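A.B. asks: There's a structure below that I have some questions on.
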Amino acid sequence: MLITHEKWPRTAEEAEAEQGRLAGLVDVSTPLGPVRYIAGLDVAYAIDSSRVAGAVVVLDADTLAVEDMATAVMDVEFPYVPGLLAFREMPALISALARLTVEPDVLVADGYGIAHPRRFGLACHLGVLAGKPAMGVAKTAFVGRSAEPGIQRGEAADLVHDGQVVGAVLRTQLSTKPVYVSPGHLITVGDATRMALRLAAKYRLPETTRFADQLSRRALAAA
DNA sequence: GCGACAG
DNA sequence: ATCTTGTCGC
């Protein structure tokens, strides 16, 4: 899966302007079609944040068995700024995606989609540049408010921001802290929520995230 | 103006 | 994000 990205922003101002332009291309009203391969993406940082390891794992949609995986280690060139996470993590993720052999049908990122200050979180950025369905599952709150979802697995509450439903706060396991789901591109809030629940059949976090997380750490340690 | 703030 | 395995508790 090749993604070309010319002129990557170097300053926060340029980055925000870029998000403003690309945000208009996001589509979160098209239902997710048939899915055979699901990609999970995550990034690991060196203790001094000088280097970053991007990892992507591809799972079979039915069995959740690992079908493919790839990593990419490089120097970090953008600081961590809430709202601009994509500019820090995408270079490594794009590089890893280029090394895949199996073409995924949907990308599951560690972070947010449209539940973002400018409606353009990491999952949106990945989806738009890849031209594929993408969604995000985050572990902690960022933007938006919601009611507390019930304690049963599968219970969810709308994540609302600026009067719009931008995602869902989903309980993936009984009595565990909920996760934050939001669509990134070519997928709806409902489809993203169902996908997240299905991927988190056994643990609080989706299998995609768990696999990609450990893969990125191993790649960093081995580099 | 003051805090909060994905990873 | 990162330092970190087993262990106490529901």
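The values are calculated or read from the model by the stated rules, or taken from the named source; none is laboratory data. This is a predicted model, so every value here is computed, not measured. Methodologically, a virtual Cβ is constructed for each residue, glycine included, from the backbone with ideal geometry; neighbour enumeration extends over all protein chains shown.
A.B. asks: Count, please, the residues in the stretch A:6-52 that happen to be within 22 Å of A:P183 (Cα to Cα) and part of a loop (DSSP other than H, G, I, E, B).
C.D. replies: Residues in the stretch A:6-52 being within 22 Å of A:P183 (Cα to Cα) and part of a loop (DSSP other than H, G, I, E, B): 13 in total.
A.B. asks: Take the conditions part of a helix (DSSP H, G or I), of a type in the set (S, T, N, Q), at pLDDT 95 or above and crowded, with 16+ Cβ neighbours inside 10 Å and apply them to A:T208. Does it pass?
C.D. replies: The answer is yes for A:T208.
A.B. asks: If I ask for residues that are within 11 Å of DNA strand B (Cβ to nearest atom) and either hydrophobic (A, V, I, L, M, F, W, C) or assigned to a helix (DSSP H, G or I) (or both), which ones from the stretch A:114-131 would you list?
C.D. replies: In the first step, residues of the stretch A:114-131 are kept if they are within 11 Å of DNA strand B (Cβ to nearest atom); the result is A:114-126.
Listed by number, the residues that qualify are A:I114, A:A115, A:F120, A:L122, A:A123, A:C124, A:H125, A:L126.
A.B. asks: Taking only the stretch A:18-57 into account, find how many residues are more than 16 Å from DNA strand C (Cβ to nearest atom) and either closer than 24 Å to A:A98 by Cα or surrounded by 12 or more Cβ atoms within 10 Å (Cβ to Cβ) (or both).
C.D. replies: The qualifying residues number 18.
A.B. asks: Could you list all residues from the stretch A:120-141 that are under 14 Å from the mean Cα position of the chain (by Cα) and not aliphatic (A, V, I, L, M)?
C.D. replies: Answer for the stretch A:120-141, where residues must be under 14 Å from the mean Cα position of the chain (by Cα) and not aliphatic (A, V, I, L, M): A:F120, A:G121, A:C124, A:H125, A:G127, A:K132, A:P133, A:G136, A:K139, A:T140.
A.B. asks: Please indicate, with yes or no, whether at least one residue in the stretch A:94-113 is under 18 Å from A:A17 (Cα atoms), within 11 Å of DNA strand B (Cβ to nearest atom) and modelled with pLDDT of 95 or more.
C.D. replies: Yes.
A.B. asks: Let me ask something additional. Can you tell me which residue among A:A147, A:A115 is crowded, with 24+ Cβ neighbours inside 10 Å and of a type in the set (A, V, I, L, M, F, W, C)?
C.D. replies: A:A115
A.B. asks: Name every residue in the stretch A:136-188 that is more than 12 Å from DNA strand B (Cβ to nearest atom), outside any strand (DSSP E or B) and of a type in the set (A, V, I, L, M, F, W, C), in order of residue number.
C.D. replies: Result: A:A147, A:I151, A:L174, A:L186, A:I187.
One line per residue, one yes/no per condition, for (1) at pLDDT below 95; (2) among the β-branched types (V, I, T):
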position	(1), (2)
A:F120	no, no
A:K132	no, no
A:M135	no, no
A:T140	no, yes
A:E148	yes, no
